[in-house]
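The values are calculated or read from the model by the stated rules, or taken from the named source; none is laboratory data. What you see is a predicted model, and the numbers here were worked out from it, not measured in a lab. Quick reminder, even Gly has a Cβ in these numbers, built from the backbone with ideal geometry, and neighbours come from all protein chains shown.
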Amino acid sequence: MTADSPAAAEKICSARPVDGFHGIAITEALAQRKPLVVIFATPGFCRSQMCGPVLEEVQTATAQYGDRLNVIHVEIYQNARPPQMVPAVAQWGLPSEPWVFLVGADGRIVDKFESAVTADELHPAVAQLVRS
């Protein structure tokens, strides 16, 4: 799901404050043929307690790339509330949360991170993604 305003994002995102990663769908981002970072996380309901911190690390690691990179946060629960998961969780085969995927401009997954990851770990991978 996408949102065109902070108020709309509050309905589909459990992060507070709401992040700015809900303005484009994965299919739209892939059609743009530019690098993509996808984070599957539910900051408000995360079982591992890592979703919020990892979302912040993604924000830090991707901030400098502006429009050279799309970043999408997929809230894992429908309407940002358990228990109903969004279809993308099953489609991507995710057994846990959070997950961060780096997707090349060609649409191929080039790297992935499960659970805790820091901006220091993400930054070189994101820099390489943008350069390719």
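Overview of results
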item: Filter result (of a type outside the set (Ser, Thr, Tyr) and either surrounded by 24 or more Cβ atoms within 10 Å (Cβ to Cβ) or in contact with a strand residue (DSSP E or B) (Cβ under 8 Å, 6 or more places away or on another chain) (or both)) within region 33-49; result: Lys34, Pro35, Leu36, Val37, Val38, Ile39, Phe40, Ala41, Pro43, Phe45
item: Among residues of region 59-72, those that are within 14 Å of Leu122 (Cβ to Cβ) and in contact with a helix residue (DSSP H, G or I) (Cβ under 8 Å, 6 or more places away or on another chain), counted; result: 6
item: Qualifying residues in region 96-121 (those that are among the aliphatic types (A, V, I, L, M) and under 15 Å from Met50 (Cα atoms)) - the one modelled with the lowest pLDDT; result: Ala116
item: Qualifying residue in region 49-64 (condition: more than 14 Å from the chain's Cα centre (by Cα), within 26 Å of Asp4 (Cα to Cα) and not hydrophobic (A, V, I, L, M, F, W, C)); result: yes
item: Residue list for region 50-80, filter: closer than 25 Å to Arg131 by Cβ, among the polar types (S, T, N, Q) and surrounded by fewer than 18 Cβ atoms within 10 Å (Cβ to Cβ); result: Gln59, Thr60, Gln64
item: Scope region 28-82; condition in a helix (DSSP H, G or I) and acidic (Asp, Glu); matching residues; result: Glu28, Glu56, Glu57, Asp67
item: Verdict on Ser14 being among the hydroxyl-bearing types (Ser, Thr, Tyr) and either assigned to a helix (DSSP H, G or I) or touching a helix residue (DSSP H, G or I) at 6+ places or on another chain (Cβ under 9 Å) (or both); result: yes
item: Count of region 86-115 residues which are out of contact with any strand residue (DSSP E or B) (no Cβ under 6 Å at 6 or more places or on another chain) and without any contact (Cβ under 8 Å) to a residue 24 or more places away in the chain; result: 6
item: Region 83-96 - residue that is in contact with a helix residue (DSSP H, G or I) (Cβ under 8 Å, 6 or more places away or on another chain) and either charged (D, E, K, R) or assigned to a loop (DSSP other than H, G, I, E, B) (or both) and, of those, surrounded by the most Cβ atoms within 10 Å (Cβ to Cβ); result: Val86
item: Residue among Pro83, Pro6 that alone is modelled with pLDDT of 95 or more and more than 22 Å from Leu129 (Cα to Cα); result: Pro83
